1. Answer yes or no as to whether Trp109 is within 21 Å of the chain's Cα centre (by Cα) and either closer than 25 Å to Leu280 by Cβ or of a type outside the set (A, V, I, L, M, F, W, C) (or both).
2. Give me the residue from the range 182-201 that is over 30 Å from Ser95 (Cβ atoms), open to solvent by 10 Å² or more (accessible area, probe 1.4 Å) and hydrophobic (A, V, I, L, M, F, W, C) and, out of that set, farthest from the chain's Cα centre (by Cα).
3. Quick one: in the range 85-101, which of the residues that are under 20 Å from the mean Cα position of the chain (by Cα) and open to solvent by 60 Å² or more (accessible area, probe 1.4 Å) is nearest to Ser55 (Cα to Cα)?
4. Quick one: is Leu127 in contact with a strand residue (DSSP E or B) (Cβ under 8 Å, 6 or more places away or on another chain), closer than 25 Å to Pro323 by Cβ, open to solvent by 10 Å² or more (accessible area, probe 1.4 Å) and in contact (Cβ under 8 Å) with a residue 60 or more places away in the chain?
5. For the range 308-322, how many residues meet the condition of being surrounded by 12 or more Cβ atoms within 10 Å (Cβ to Cβ) and more than 19 Å from His201 (Cβ to Cβ)?
6. State all residues of the range 257-283 that are in a loop (DSSP other than H, G, I, E, B) and open to solvent by less than 50 Å² (accessible area, probe 1.4 Å); if no residue qualifies, say none.
7. State all residues of the range 15-37 that are in a helix (DSSP H, G or I) and not polar (S, T, N, Q); if no residue qualifies, say none.
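The values are calculated or read from the model by the stated rules, or taken from the named source; none is laboratory data. Remember, predicted model here, so these are calculated numbers, not experimental data. All Cβ positions, even for glycine, are placed from backbone atoms using ideal geometry, and neighbour counts span all protein chains on display. Quick note on the areas: whole protein, heavy atoms, side chains included, nothing else; ligands and nucleic acids left out. Shrake-Rupley method; radii C 1.70, N 1.55, O 1.52, S 1.80 Å.
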Amino acid sequence: MIDFGNFYQLIAKGPLSHWLNTLPAQLSAWQRESLHGKFKQWFNAVEALPELTPSQLDVLHSVTAVLQPDLSNGQREGLEVRLRQLMPWRKGPYSLYGVNIDTEWRSDWKWERLTPHISALQGRLVLDVGCGSGYHLWRMVGAGAHLAVGIDPMQLFVCQFEAVRKLLGNDQRAHVLPLGIEQLPELAAFDTVFSMGVLYHRRSPLDHLWQLKNKLVSGGELVLETLVIEGDENAVLVPGERYAQMRNVYFIPSAPALVRWLEKCGFVDVRIVDQYVTTLEEQRRTSWMTTESLADFLDPNDRSKTCEGYPAPLRTVIVARNP
């Protein structure tokens, strides 16, 4: 089972210490429930990986680990076999001792777009909601975050993160907890909170914004990245059963409408800092994620529409402050 003891020790004497009133019981319950499904198979793949400490680690410009002397061809092939047992890999990419995990998303492109617009992360306590495999957590660490905490209830993503961390010398600057945001108390402790690719999956988007707000210290920064549509502050798309083949998409507002939602929740200094169309180069099928991807979700005769006829994915980044 995954040992969260190091994380408990890290937060025991800091602004997150009160989280220990609820967190250990929640994670113990998760450990018991994880005995079902494919978790054991994924966890065994993590356990079978070697513990490696890189000679060189770059998490500022990428997530790249290098070892000197290098692994043998046989060791590298064994490493790749274990990592492929954790497919599909969606967020990345990673370069680990010559094994290049070409993930579905070029998450590095998203990171490069948003970092010029956010407050410096140096020394900050950071939360990433819906963090997936934790790729962005490592980039946050590279940007100087004191501690980067990710939450994601998906068992596979937690195992992917643990696999990467094991190959990065068991680095304790980043942690992923198998929780949804609704399971977190009102921590009021994080300097920066990221919510990227989550809002449109929430049945009650304003409740999600309130939940993000009460995780922040006074003066803390929210970085929100999500799907939007073109339109004025009153425009909101409510898709039918599916949007781009996704079942759980509930509300897609325009960027101006989203600004209004954030202000209604009490955020200040709300700024739209970026807006871009998701391209087939940024989200695509790879040998590490072999099922359907964006190209399969768009109208083959009109790439400006999804296969259901809705506007194709348009994403925005909004930065706001908790007063």
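1. It is true that Trp109 is within 21 Å of the chain's Cα centre (by Cα) and either closer than 25 Å to Leu280 by Cβ or of a type outside the set (A, V, I, L, M, F, W, C) (or both).
2. Ala188
3. Checked the range 85-101; the qualifying residue nearest to Ser55 (Cα to Cα) is Asn100.
4. no
5. The qualifying residues number 4.
6. Listed by number, the residues that qualify are Cys265, Gly266, Phe267, Thr278, Glu282.
7. His18, Trp19, Leu20, Leu23, Pro24, Ala25, Leu27, Ala29, Trp30, Arg32, Glu33
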